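Engineer: I have a structure I would like to understand better, so I am pasting it below and will then ask my questions one at a time.
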Amino acid sequence: MGAVGLRTLQLLLLLGAWRARGGAARCRVTLVLSPQKATGAVCGTSDAFHDGELAALRLRVGRHEELLRGLQRRAAEGGALESEVRALREHSRGLSKRLGQLRTQLQPEPGAEPDPGAEPAAALSLLAERALYAEAEARRTAARLQQLDAQLREHAQLLSQHTHLLGRLQRACASPDPVPQQVLPLPLVPLSLVGSAGNTSRSPDQTPEHQRDQSLRQQEPPSPPLPTGHLAVPTRPVGPWRDCAEAHGAGHRQSGVYELRLGRRVVPVWCEQQQEGGGWTVIQRRQDGSVNFFTNWQHYKAGFGRPDGEYWLGLEPVHQVTSRGDHELLILLEDWGGRGARAHYDSFSLEPESDHYRLRLGQYHGDAGDSLSWHSDKPFSTVDRDRDSYSGNCALYHRGGWWYHACAHSNLNGVWYHGGHYRSRYQDGVYWAEFRGGAYSLKKAVMLTRLVRW
């Protein structure tokens, strides 16, 4: 028996044994091979043989099932890929169509010789246009970045300035006593003083704080009742003079800027030669908020501003003037309704710097109400020289320099708020408590002095 026949016989025997497993009784089979291929009988046990073949078949069936599931997954993925391929083919056909249109546009006119470099040239031209556009966009972006950088530097500079100013204020406000003081609430003007000089029932003005309102400045009356500086006509008669009364006695009756000799200095001042009999030296003027009066001791000592506008003559010059004889003080006020008031003190002088320019006042007369006698005999205080009677710093609260007590019934060197009534944490406006109250910032205020007898 050949090898093929032997293999076929074995498979038939296996198949028969497998079919007989259901109901037939198992038997032992002995196979006798051909004497050409085997010299003796070959015997085997069918149970063990059949179990191994069955396990192998089950393993193969499991592998085929796994392969089938893999093929199903690939078929599903193939459907998605097929959709993508169709979309890509549609896109390719669209690109081909667009390319054909571009080639048609780039074809030379009939009769013209074909230019083999026309299509590349057109493409290069298109790329050049895109490059120019990108370059222009880059330049615009760079310019915008430069603007932002400049704004950033400006804001950083402002922040540095504010930080420096805050540090100076903190150092200036620090008491020389190392023991920290308790911060008490700022004493406000008593309600009995507010409006006692005929305060009107005008509703509060909601205009925001603004110290340089040009449009409203143009609406001011051409002839204000208070002495006002005129920038266009500076008056500088021959001098220097001892005081404005001497210039008035010499025949100079026009109000303007005069030069006075005060000690070793020649100081320009505004002489009021027409109102109230003339001969008045203006030592302070508030009229438009153009000058910041929230400054330090040195500025208040030497003076600041311009005599033909808002200015403060200076504590030392005022001391020099009032030390040359008996002087009187006149204060002229005006509210935002155009109503004026005056306060007159029959004697006025400042002590020297060694006594902190202490205020000396005489008897009050006038219709504005007396809001300065409470400050008499008090030293002058600024944000960096706190000499008031209050445990806190009145100059810091009221944002000015004044002969503060605890703290103020008048604050003519405060913040010039536009519109009269103002809102602030503290009473820091230009106010005279007996005239319109501490919550009303006056439009104009002028302080003048002259010799009692001249």
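Engineer: Among residues belonging to the stretch 442-454 that are assigned to a loop (DSSP other than H, G, I, E, B), in contact with a strand residue (DSSP E or B) (Cβ under 6 Å, 6 or more places away or on another chain) and of a type in the set (A, V, I, L, M, F, W, C), point out the one that is surrounded by the most Cβ atoms within 10 Å (Cβ to Cβ).
Structural biologist: Result: LEU442.
Engineer: With the structure loaded, tell me whether ARG385 is open to solvent by 10 Å² or more (accessible area, probe 1.4 Å) and over 14 Å from TRP297 (Cα atoms) or whether it fails that test. It would help to see each step written out before you state the result.
Structural biologist: On the way: open to solvent by 10 Å² or more (accessible area, probe 1.4 Å): yes; over 14 Å from TRP297 (Cα atoms): no.
No, not satisfied.
Engineer: Select from the stretch 246-269 the residues that are over 47 Å from the mean Cα position of the chain (by Cα) and farther than 23 Å from GLU316 by Cβ and write down the one among them that is surrounded by the most Cβ atoms within 10 Å (Cβ to Cβ).
Structural biologist: HIS248
To keep it simple, each residue is scored yes or no on (1) at pLDDT below 70; (2) outside any loop (DSSP other than H, G, I, E, B); (3) over 54 Å from the mean Cα position of the chain (by Cα).
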{"position": "SER83", "(1), (2), (3)": "no, yes, yes"}
{"position": "GLU90", "(1), (2), (3)": "no, yes, yes"}
{"position": "LEU95", "(1), (2), (3)": "no, yes, no"}
{"position": "GLN101", "(1), (2), (3)": "no, yes, yes"}
{"position": "PRO108", "(1), (2), (3)": "yes, no, yes"}
{"position": "GLY111", "(1), (2), (3)": "yes, no, yes"}
{"position": "PRO114", "(1), (2), (3)": "yes, no, yes"}
{"position": "ALA138", "(1), (2), (3)": "no, yes, no"}
{"position": "ARG144", "(1), (2), (3)": "no, yes, no"}
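Engineer: Quickly run through the stretch 403-415 and pick out the residues that are part of a loop (DSSP other than H, G, I, E, B) and either open to solvent by 10 Å² or more (accessible area, probe 1.4 Å) or acidic (Asp, Glu) (or both).
Structural biologist: Applying the first criterion (part of a loop (DSSP other than H, G, I, E, B)) to the stretch 403-415 yields 403-409, 411-414.
Hits for the stretch 403-415 are HIS405, ALA406, HIS409.
Engineer: If you don't mind, there's one more thing I want to ask. For the stretch 422-441: of the residues being assigned to a loop (DSSP other than H, G, I, E, B) and over 30 Å from the mean Cα position of the chain (by Cα), which is farthest from HIS398 (Cα to Cα)?
Structural biologist: Ranking the candidates gives GLU434 first.
Engineer: If I filter the stretch 283-293 for residues that are of a type in the set (A, V, I, L, M) and buried (at least 23 other Cβ atoms within 10 Å of the Cβ), do I get at least one hit?
Structural biologist: Within the stretch 283-293, one or more residues are of a type in the set (A, V, I, L, M) and buried (at least 23 other Cβ atoms within 10 Å of the Cβ).
Engineer: Can you tell which of GLY325, GLY338, GLY309 is closer than 19 Å to GLY401 by Cβ and in the same structural domain as LYS444 (by the TED database)?
Structural biologist: From the options GLY325, GLY338, GLY309, the qualifying one is GLY309.
Engineer: Next up: Across the stretch 372-402, what is the total count of residues that are in a helix (DSSP H, G or I), under 33 Å from the mean Cα position of the chain (by Cα) and aromatic (Phe, Trp, Tyr)?
Structural biologist: Going through the stretch 372-402 one residue at a time, the tally reaches 1.
Engineer: For a quick check of your reading of the model, give me the residue pairs whose first member lies in the stretch 437-454 and is over 22 Å from GLY325 (Cβ atoms), whose second is acidic (Asp, Glu) and open to solvent by less than 10 Å² (accessible area, probe 1.4 Å), with beta-carbon atoms closer than 8 Å and at least 6 apart or on different chains.
Structural biologist: TYR440/ASP335; LEU442/GLU334; LEU442/ASP335; LYS443/GLU334; LYS443/ASP335; LYS444/GLU334; ALA445/GLU334
Engineer: Let me ask you something else. If the requirement is being at positive phi, open to solvent by 10 Å² or more (accessible area, probe 1.4 Å), assigned to a loop (DSSP other than H, G, I, E, B) and not acidic (Asp, Glu), which of these qualifies: GLY369, GLY419?
Structural biologist: GLY369 is the lone residue from the list that is at positive phi, open to solvent by 10 Å² or more (accessible area, probe 1.4 Å), assigned to a loop (DSSP other than H, G, I, E, B) and not acidic (Asp, Glu).
Engineer: Same structure, new question: Taking the conditions exactly as written (acidic (Asp, Glu) and open to solvent by 50 Å² or more (accessible area, probe 1.4 Å)), does GLU272 satisfy them or not?
Structural biologist: It is false that GLU272 is acidic (Asp, Glu) and open to solvent by 50 Å² or more (accessible area, probe 1.4 Å).
Engineer: Scan the stretch 339-347 and give yes if some residue there is out of contact with any strand residue (DSSP E or B) (no Cβ under 7 Å at 6 or more places or on another chain) and buried (at least 18 other Cβ atoms within 10 Å of the Cβ), otherwise no.
Structural biologist: Taking every residue of the stretch 339-347 in turn, none turns out to be out of contact with any strand residue (DSSP E or B) (no Cβ under 7 Å at 6 or more places or on another chain) and buried (at least 18 other Cβ atoms within 10 Å of the Cβ).
The values are calculated or read from the model by the stated rules, or taken from the named source; none is laboratory data. Predicted model only: the values in this text are computed from it and were never measured. Here the Cβ is made from the backbone with ideal geometry for all residues, glycine too, and neighbour counts use every protein chain on show. Keep in mind that these areas ignore ligands, DNA and RNA; they rest on the heavy atoms of the full protein, side chains included. Shrake-Rupley method; radii C 1.70, N 1.55, O 1.52, S 1.80 Å.
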